[in-house]
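Quick notes on the structure that follows.
The values are calculated or read from the model by the stated rules, or taken from the named source; none is laboratory data. Remember, predicted model here, so these are calculated numbers, not experimental data. Quick reminder, even Gly has a Cβ in these numbers, built from the backbone with ideal geometry, and neighbours come from all protein chains shown.
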Amino acid sequence: MTTTSREYAEALFELAVQDGTIRETSDGVVTVISALRQTPAFRGLLASPAIRKDDRLNALNEAFGGKIPEILLAILRMMVSRGHISAVEGMARDYEELARGYRGEAEAVVTSAVPLKESEMVALRQKLEKKLARRIVLRCVTDPALIGGVRVEVDGRIIDGSLRNKLDEIKEVMNA
C-alpha cells in the first residue's frame with residue numbers, strides 16, 4: 001500500500017459513503033481493474049505522458065462513462081491527470097479494505113496445498129466468523145509447497161496449520 005493509493009482510496013470511500021454507493025463503487029472498482037488487466041495497452045495509454053492528457057481522459061470516459069459510478073470515474077480522471085494511474089490497483093485494494101471494514105467484514109486469505117472443497121470453505125468461514133465475531137470473506141490460494149493443512153491470514157494475524165510449518169518447527173528443534 002502506497003500513500004498515494006491510500007489517499008485516493010480514502011477519498012473514493014468518503015464520497016461513496018456520502019452518496020450511499022459503497023457496494024456499487026466496489027462493483028465499479030472490480031470492473032475497472034478487470035478491464036485494465038485484460039487490456040494492458042489501454043492501461044499504458046492512460047499512463048503515457050506522450051499522449052495528450054485530454055486524449056487520455058477522453059479514452060477513460062469512453063471506456064467507463066455510464067458503466068461505473070461517477071465518483072469513481074472522477075477519481076480515475078484525477079489519477080490520470082496527475083500521472084498516478086499506476087496506483088490504481090493499490091487504490092482498489094485499499095478501497096475494498098475500507099469498504100469491508102465499514103460493512104463489518106474481514107478478508108481471510110486461506111492458503112492450502114490443494115484446492116479446498118466447498119464444505120471445507122463453509123466450515124472454515126463459520127469457525128472464523130465465530131472466533132472474530134464478524135462476517136468473513138474468504139480468498140483461497142493454492143500453494144503445493146505447504147504439503148498439507150492450511151495457513152490463514154486475517155487482520156494481520158496468521159494461523160499456520162500447514163504441514164510445511166510443522167516440519168520447519170521440528171527441524172528448528174532438531175538443529176537447536
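Computed values, structure above
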read-out: Looking only at the stretch 153-176, and only at residues there that are in a strand (DSSP E or B) and without any contact (Cβ under 8 Å) to a residue 12 or more places away in the chain, the one that is surrounded by the most Cβ atoms within 10 Å (Cβ to Cβ); value: Asp160
read-out: Qualifying residue in the stretch 45-54 (condition: modelled with pLDDT of 95 or more and under 24 Å from Arg103 (Cβ atoms)); value: no
read-out: The listed residue being over 30 Å from Leu46 (Cβ atoms) and under 21 Å from the mean Cα position of the chain (by Cα), out of Leu124, Leu98, Leu72, Leu76; value: Leu124
read-out: Meets criteria (in contact with a helix residue (DSSP H, G or I) (Cβ under 7 Å, 6 or more places away or on another chain) and surrounded by 13 or more Cβ atoms within 10 Å (Cβ to Cβ)) for Leu116; value: no
read-out: All positions within the stretch 98-152 that are in contact with a strand residue (DSSP E or B) (Cβ under 9 Å, 6 or more places away or on another chain), assigned to a loop (DSSP other than H, G, I, E, B) and more than 25 Å from Ile22 (Cβ to Cβ); value: Ala113, Val114, Pro115, Leu116, Asp143, Gly148, Gly149
read-out: Positions within the stretch 1-38 being exposed (fewer than 13 other Cβ atoms within 10 Å of the Cβ), at pLDDT 95 or above and of a type in the set (Ser, Thr, Tyr), in sequence order; value: Ser34
read-out: Residue check, Glu62 in a helix (DSSP H, G or I) and either touching a residue at least 40 places away in the same chain (Cβ under 8 Å) or within 27 Å of Arg103 (Cα to Cα) (or both); value: no
read-out: Filter pass, Ala50 being farther than 13 Å from Thr4 by Cα and touching a helix residue (DSSP H, G or I) at 6+ places or on another chain (Cβ under 8 Å); value: no
read-out: All positions within the stretch 102-128 that are touching a residue at least 12 places away in the same chain (Cβ under 8 Å) and hydroxyl-bearing (Ser, Thr, Tyr); value: Tyr102, Thr111, Ser112
